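Written out below as structure tokens is the structure these notes cover.
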Amino acid sequence: MASSGNTDGAIAETEKVIASRPQLEEAYALLAALLSMKDESEASRDALERGLAALPQSATLLHARGMQKLESEDVAGAVTDLEGAREHSATPNADILADLAYAYLFAKRSKEAEETARAAGELDPSAYAPAFVLGEALLASDRPKEAVPAFQRAVSAAPGEASTKRRLAKAHNLSGQHEEALKILDELIAAAPNEPMLRAEAAGALVNLGRAKDAVGYLEKAIELAPKEKALYVFLEKAQTAAGDKKGAKATQQKLKRWKGP
């Protein structure tokens, strides 16, 4: 019913199932998901609370409530629920572990995030989420070189995720692998030519390669796309100075002095 667009009908039928089988955790999880589809977030939370009142040790429902809390920025509550989901899961679950690792990242517990993401990856080596979260945990721990292979696995698992390729480029750049970073960023720019910050990130790789003059060109195009982005002018002035373009740097400095707004 839901897949055919009759979400209200699906909700009504799910409520009937819960009335007849109040110990069926899948029904509460489905009800919460259906209500979320309708942007009824409070009702969705209530559905999970009802389920956990009936099944307080349900890993499925604790997992779902933990993710709801993470989305609403209740990081401590999310960690508690996801740890509970891990403890009450009948067998180790890669999805729960990956989401718990993600919550640990938000809680700035990078060591636990790394350990948990590695455990998730061992359970499902080809999965996207464990590899991506591991990469983020390693970046948070200032270990970009180790993050590179983690993000490479994430890219292999989800090659269409441009944001993951972007994180891989950052890990390369922070590792001193600027050519690799630039290659990825140029590919992303080709696919999204109107994204100014991609050009700024590529300019960073170019500056690191000693190609400040080329970086200036990337930044000038980025400014054409986002003329109200002050950070681009600040970066442009630095690139112009590094390129020996004193006249251009002075002109950019004057623009910054006259800047109005954020």
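Surface composition of the chain: carbon and sulfur atoms hold 51% of the protein heavy-atom accessible area at a 1.4 Å probe. The distance linking the range 8-73 with the range 102-165 is 29 Å (Cα centroid to Cα centroid, whole angstrom). As a length-normalised measure over Cα pairs under 8 Å and 6 or more apart, the relative contact order of the range 124-182 settles at 31 percent. Helix 196-208 and the long axis of the chain differ in direction by around 60°, with both axes built from C-alpha atoms. Here the gap between W259 and N194, fully extended at 0.36 nm per residue and compared with their Cα-Cα distance, gives a gain of 21.0 nm. The trypsin sites (Lys or Arg not before Pro) of the range 38-130 that meet both conditions, a loop assignment by DSSP and at most 13 other Cβ atoms within 10 Å of the site Cβ, are K38, K108. Highest GNM mean-square fluctuation among A157, A191, A202, for the chain modelled with Cα contacts below 10 Å: A191.
Going through the range 46-109, which GluC sites (Glu not before Pro) have at most 10 other Cβ atoms within 10 Å and a DSSP loop state? The qualifying sites are E73. So if we plug the beta-carbon distance of A158 and T91 into 1/(1 + (r/R0)^6) with R0 = 35 Å, what FRET efficiency do we get, rounded to 0.05? The value I calculate is 0.90. Per-residue ellipticity at 222 nm from helix content only, as computed over the chain with -39500 (n - 2.57) for each DSSP H run of at least four residues, stands at -24500 deg cm²/dmol.
Using a simple spin-label model with pseudo-atoms 7 Å out from Cα toward Cβ, A231 and S126 lie 3.7 nm apart.
With respect to the chain, whose longest principal axis is taken over its alpha-carbon atoms, helix 94-106 is tilted by about 50°. Computing FRET efficiency as 1/(1 + (r/R0)^6) for R21 and S175, where r is the C-beta to C-beta distance and R0 is 45 Å, gives about 0.25. Note on the chain: with charges restricted to the Cβ of Lys and Arg (+1) and Asp and Glu (-1), its dipole about the Cα centre is near 1840 debye. Relative to the longest principal axis of the Cα atoms of the chain, the long axis of helix 128-140 makes an angle of roughly 50 degrees. Computed over the chain with a Gaussian network model linking Cα atoms closer than 10 Å, the most mobile of L225, L62, L206 is L225.
The values are calculated or read from the model by the stated rules, or taken from the named source; none is laboratory data. From a predicted model like this one, the values you see are computed outputs, not experimental measurements. Glycine gets a Cβ as well: all are built from the backbone with ideal geometry, and neighbour counts include every protein chain shown. Accessible surface areas use protein heavy atoms only, side chains included; no ligands, DNA or RNA. Shrake-Rupley method; radii C 1.70, N 1.55, O 1.52, S 1.80 Å.
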